[in-house]
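One structure is given below, encoded as structure tokens.
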Amino acid sequence: MIFVILFSCEENNTQSMLSASSGNLNEISTVLSDELWDGIVGKTLKESFSKPVYGLPQREPLFKLRHIPSHVFSGFVTKNRTIIKVNKAATRNTNITYNKYAKPQLVIEFCGPTLSEITKQISKDRDSIIALITQNEIKEKQRRIKKSLSKDLEIKKNFNISLKYPSVYRVAKSTKDFIWLRKDIKSGTLNLMIYNASNKDNHSIESYVKIRDSISHLYIPGPVDNTNMSVDNGYLISTLKGVLNNGINYKEFRGMWEVKNQFMAGPFIAYKFDDIKNNRQINIDGFVYAPSVNKRSYIFELESIIKSITID
């Protein structure tokens with residue numbers, strides 16, 4: 001019993017002594033030899049973790065991979081928040097370790113006896129690893145957002161929900177059933193729309209587009225009279241179902257919006273949340289207008305804000 005207590009204390013002390021992790025959001029340090037990086041293993045890593053994000057007008061990678069040769073992996077480079085290591089081993093497996101060199105930190109290690117076995121292991125587990133890394137990055141983004149939260153109570157008053165978003169966002173329009181939040185950036189704007197829908201909605205793409213277009217027709221005008229934002233039907237909408245950590249079910253939609261004949265367009269990411277208690281569905285729709293610049297980080301910010309939802 002004394003041994004267990006001492007061991008537990010030692011482990012807790014070790015954790016508390018860890019320095020803070022570092023690294024840009026959605027950046028992964030890949031630790032493997034130059035030979036492996038330049039060969040089939042590196043190619044598999046790039047194809048798996050640097051594939052383009054769907055729903056963006058430009059090709060932008062899901063994660064930025066930064067190669068670190070194994071022989072120089074020491075010192076400050078071990079403090080990066082997300083690390084993927086590749087090693088040869090007798091058996092093929094994937095090891096996941098938290099807070100090994102810094103905190104918070106996620107270290108993933110792909111192992112196998114041959115290059116072929118290692119690439120098979122990466123391909124086998126990449127989807128679950130991508131989901132895990134994405135979850136961690138959203139948590140980190142939400143932590144950063146909390147440093148300067150908006151204290152506006154408009155959303156809570158109108159919808160009886162809470163959403164954690166930066167104070168730089170302002171309420172551009174508000175009614176009993178609709179709120180439009182807007183953040184000005186150098187190249188354009190980031191936007192969030194919040195509105196309710198009947199719980200009888202079947203979550204289909206057609207239903208989502210119909211509701212979204214009707215809402216934007218009412219509240220999101222274009223640059224000249226008789227124009228408004230609408231879904232770009234020439235771009236296939238992707239969907240995904242999931243559950244937040246707080247147990248709220250959602251369906252995600254990603255696609256492109258446009259203002260017809262006005263050369264205005266951009267990506268959107270939207271979520272339908274089931275509010276069973278209040279017999280409704282809550283729609284939160286984020287969209288970006290930022291011509292001629294990359295938009296991956298903007299869509300990621302909107303996703304992180306939306307997934308902070310709690311239903312009161």
Worksheet item: At what distance in angstrom do the alpha carbon centres of the stretch 105-142 and the stretch 37-52 lie from each other?
Response: 12
Item to complete: Quick one: which residues, 5 or more positions from LYS64 or on another chain, have an amide H under 5 Å from its amide H? H modelled 1.01 Å from N in the peptide plane, none for Pro or chain starts.
Response: GLU27, ILE28
Fill in: Helix-only [θ]222 nm of the chain, DSSP H runs n ≥ 4, -39500 (n - 2.57) each, per residue, nearest 500
-9500 deg cm²/dmol
Worksheet item: Can you run phi through the Karplus equation (6.51, -1.76, 1.60; θ = phi - 60°) for the stretch 284-290 and list ³J(HN,Hα) in whole Hz, with x for Gly and Pro?
Response: 10, 10, x, 9, 10, 10, 8
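Give the percent of DSSP beta bridges with both residues in the chain that are antiparallel, rounded to the nearest 5.
Approximately 80 percent, going by the DSSP bridge assignments.
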Practice prompt. Kindly provide the pair-distance distribution of the stretch 58-123 built from C-alpha pairs, with 10 Å bins from 0 and whole-percent values in order of increasing distance.
Written response: 19, 44, 32, 4, 0
Fill in: Extended-chain gain in nm, criterion 0.36 nm per residue less alpha-carbon gap, ASP184 and ASP34
49.7 nm
Item to complete: Give the long-range amide H neighbours of ARG280: residues separated by 5 or more places, or on another chain, with amide H under 5 Å away, using H modelled in the peptide plane at 1.01 Å from N.
Response: ASP275
Discussion item. Restricting everything to alpha-carbon atoms, can you work out Rg to Rh for the chain with a Kirkwood hydrodynamic radius?
Written reply: 1.02
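Can you tell me the order of 275-282, 304-311, 219-226 when each peptide is scored by its average per-residue count of other Cβ atoms within 10 angstrom, highest first?
Going by the mean number of other Cβ atoms within 10 Å, highest first, we get 304-311, 275-282, 219-226.
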Worksheet item: If we restrict to alpha carbons, what Rg and Dmax does the stretch 150-311 come to, in Å?
Response: 14.9, 43
Worksheet item: Across the stretch 299-304, in residue order, what do the Karplus-derived ³J(HN,Hα) couplings come to in whole Hz, using 6.51 cos²θ - 1.76 cosθ + 1.60 with θ = phi - 60° and x for Gly and Pro?
Response: 4, 5, 4, 5, 4, 5
Discussion item. Give me the tail of P(r) for the stretch 73-214 as a percent: Cα-Cα pairs with distance above 21 Å.
Written reply: 65
Worksheet item: Once both labels are modelled 7 Å past Cα along the beta-carbon direction, what's the TYR98-LYS151 spacing in nm?
Response: 3.3
Worksheet item: What is the stretch 2-145 by shape, rounded, prolate or oblate, if you read a ≥ b ≥ c off the alpha carbon gyration tensor as root eigenvalues and call it rounded for a/c under 1.5, prolate for a/b larger than b/c, and oblate otherwise?
Response: oblate
Practice prompt. Rank-order 236-246, 55-65, 92-102 by packing density, defined as the average count of other C-beta atoms within 10 Å over each peptide's residues, highest first.
Written response: 55-65, 92-102, 236-246
Practice prompt. Relative to the longest principal axis of the C-alpha atoms of the chain, give the angle of the C-alpha long axis of helix 2-17, reported between 0 and 90° and rounded to the nearest 10°.
Written response: 60
Worksheet entry | Crossing angle, helix 40-49 versus the chain [Cα axis fit, 0-90 degrees, rounded to tens] | 30
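None of the figures in this text is laboratory data; all of them are computed from the coordinates on show. Because the structure is a prediction, the values reported are computed rather than measured. Note that each Cβ is placed from the backbone with ideal geometry, even for glycine, and that neighbours are counted across all protein chains shown.
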